[in-house]
Amino acid sequence: MSTERTFAIIKPDAMRAGFTGRMLARIEEHGFILRAMRMVHLSKRDAEGFYAVHRERPFFSSLTDFMSSGPCVVMCLEAPDAIKKWRTAMGATDPAKADAGTMRKDFGASIENNATHGSDAPETAAFELGYFFRGLEF
Ligand code: ATP
Ligand code: MG
């Protein structure tokens, strides 16, 4: 397993609920190295660009309203097999179906307000990291 980077978000619902500090601690306890991190309040258009792959989905408008509803924390996480490792740590998209001890189980409220995002493949990680960070920030 080679060292890999993935892109992660602490979503606006989790920040509003006051979970940011606990979630960052959990990320470090899992063994991820924080290579870059910033707080950002997305515009509706920023959120639409980020989730462009979901443009045709029925929840697209609601999702992009939610993602632009308040600040979030955007991060580059590094670890061996980071993409899969972070997806596992987050748990299923729907917190009600997520395994015990996962971030979404513990901090998510609904299938939309699910506390975290993680890239699902090397190509999406590269796109998403490039959407938010410049090379100098790593
Ligand atoms: P993410 O891409 O945010 O890491 P994911 O890969 O687990 O989550 P996707 O299918 O890519 O899930 O959906 C993107 C986001 O859209 C979800 O994280 C969630 O916030 C929202 N979402 C997904 N499915 C639904 C749904 N059926 N209804 C409302 N919102 C949804
Ligand atoms: Mg996804």
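Values quoted throughout were computed directly from the atomic coordinates according to the rules given, and no laboratory measurement underlies them. Computed from a predicted model, the values in this text were never measured in an experiment. Cβ placement follows ideal geometry from the backbone for every residue including glycine, while neighbour counts extend to all protein chains displayed.
Taking into account only those residues within region 75-97 that are touching a Lys or Arg at 6+ places or on another chain (Cβ under 6 Å) and within 12 Å of ligand 1 (Cβ to nearest atom), which is farthest from residue 126 (Cα to Cα)?
95
Residue 103: under 20 Å from residue 126 (Cβ atoms), touching a residue at least 24 places away in the same chain (Cβ under 8 Å) and within 16 Å of ligand 2 (Cβ to nearest atom), yes or no?
Details: under 20 Å from residue 126 (Cβ atoms): no; touching a residue at least 24 places away in the same chain (Cβ under 8 Å): yes; within 16 Å of ligand 2 (Cβ to nearest atom): yes.
So residue 103 fails the test.
Among the residues of region 1-32, count how many are in a loop (DSSP other than H, G, I, E, B) and free of Cβ contacts under 8 Å to residues at least 12 places away in the same chain. Give the steps one after another, and end with the answer.
At the first step, the residues of region 1-32 found to be in a loop (DSSP other than H, G, I, E, B) are 1-2, 11, 17-19, 30-32.
Okay, now just the ones that are also free of Cβ contacts under 8 Å to residues at least 12 places away in the same chain, so 18.
The number of residues fulfilling the criteria is 1.
Residue by residue, here is whether (1) within 19 Å of residue 25 (Cα to Cα); (2) within 13 Å of ligand 2 (Cβ to nearest atom) holds:
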{"position": "58", "(1), (2)": "no, no"}
{"position": "65", "(1), (2)": "no, no"}
{"position": "70", "(1), (2)": "no, no"}
{"position": "75", "(1), (2)": "yes, no"}
{"position": "78", "(1), (2)": "yes, no"}
{"position": "83", "(1), (2)": "yes, yes"}
{"position": "89", "(1), (2)": "yes, no"}
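I'm checking my understanding of the structure. Among residues of region 80-104 that are within 18 Å of residue 3 (Cα to Cα) and of a type in the set (Gly, Ala, Ser), which one is farthest from the chain's Cα centre (by Cα)?
Step one: list which residues in region 80-104 are within 18 Å of residue 3 (Cα to Cα), which gives 80-89.
Then keep just the ones that are of a type in the set (Gly, Ala, Ser); that gives 82, 89.
Details: 82: 13, 89: 11 Å.
Top of the filtered list is 82.
Looking at region 105-123, which of the residues that are within 12 Å of residue 7 (Cβ to Cβ) and not aliphatic (A, V, I, L, M) is surrounded by the most Cβ atoms within 10 Å (Cβ to Cβ)?
Keep residues of region 105-123 that are within 12 Å of residue 7 (Cβ to Cβ), which gives 116-123.
Then drop every residue that is not not aliphatic (A, V, I, L, M), which leaves 116-120, 122-123.
Details: 116: 25, 117: 20, 118: 23, 119: 23, 120: 15, 122: 12, 123: 9.
Among them, the one singled out is 116.
Any residue at all in region 33-46 that is touching a Leu at 6+ places or on another chain (Cβ under 8 Å) and assigned to a helix (DSSP H, G or I)?
No, region 33-46 has no match at all.
Can you work out which of the residues in region 109-138 that are assigned to a loop (DSSP other than H, G, I, E, B) and under 12 Å from the mean Cα position of the chain (by Cα) is farthest from residue 41 (Cα to Cα)? Steps first, answer last, please.
Looking only at region 109-138, we keep the residues that are assigned to a loop (DSSP other than H, G, I, E, B), and these are 109-115, 119-121, 133-134, 138.
From the residues that got through so far, the ones that are under 12 Å from the mean Cα position of the chain (by Cα) too are 113-115, 119-120.
Details: 113: 16, 114: 17, 115: 15, 119: 19, 120: 23 Å.
Within region 109-138, the match that is farthest from residue 41 (Cα to Cα) is 120.
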